[in-house]
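Have a look at the structure below before the remarks.
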Amino acid sequence: MPASNTPEALDTPHGAARAGRGRVSRAVAVGLAVLLTGCLTPPQQTMLDDVNRDRQAQGRTALPTQAELMTKAQAWSAQMARDGKISHSRLSDGITVCWDASGENVAQSTTLAGLEAQWMASTGHRTNILDPRWTHIGVGVTKVGDQYFGVQVFLQVC
């Protein structure tokens, strides 16, 4: 489903796949285990590489991850997968570091590459990705069936 023109006004995808609780629970457990070890999953690493490639192609700096943002993004992608639809989180939830600005991109796609492609094709999402204010990022990816639910959380720390 294409992303909307503004990151804050995403449409609910039509025909969103709903998964059984077992598959989502396993995806959440794997995501939490990876976060607790401090490593990125291969899909998270791909998403991080994609966003930083797009930023660097436009003369922006690559963004490092931040633990709270990673936890928030992964938890929210798992929540969207459980719900079977995309929606925005409350950006301030779970963030305790001092920050001046924040942003979030959410999307659903049948491919991992499709998430970043949707965001870069949407003016508002692309603006979030390329915003020079951001100092850190968190990324989350949950796959259920043939659907990827992706989240990017951006932060400008104090």
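The values are calculated or read from the model by the stated rules, or taken from the named source; none is laboratory data. Please read all numbers here as calculations on a predicted model, not as lab measurements. Please note: Cβ atoms are built from the backbone with ideal geometry, for glycine as well, and neighbour counts cover all protein chains shown. SASA here: full protein model, heavy atoms, side chains in, ligands and nucleic acids out. Shrake-Rupley method; radii C 1.70, N 1.55, O 1.52, S 1.80 Å.
What to note about this one:
- Two-site label geometry, Arg90 and Thr127: point separation in nm, points 7 Å out along Cα→Cβ: 2.5 nm
- Taking the accessible area of region 56-102, probe 1.4 Å, and keeping the other protein chains in place, the carbon and sulfur fraction comes to 49%.
- Sequence of Lys85, Lys72 from largest to smallest accessible area, 1.4 Å probe: Lys85, Lys72
- Cα gyration tensor shape of region 83-158, rounded if a/c is under 1.5, else prolate or oblate by comparing a/b with b/c: oblate
- If R0 is 22 Å, the Cβ-Cβ spacing of Met120 and Gln156 corresponds to a FRET efficiency of close to 0.60.
- Distance between the modelled labels on Thr110 and Gln56, one decimal in nanometres: 3.1 nm (7 Å Cα→Cβ projection).
- Once backbone amide H atoms are built at 1.01 Å from N, Thr110 has Tyr148 as its partners under 5 Å, excluding neighbours fewer than 5 places away on the same chain.
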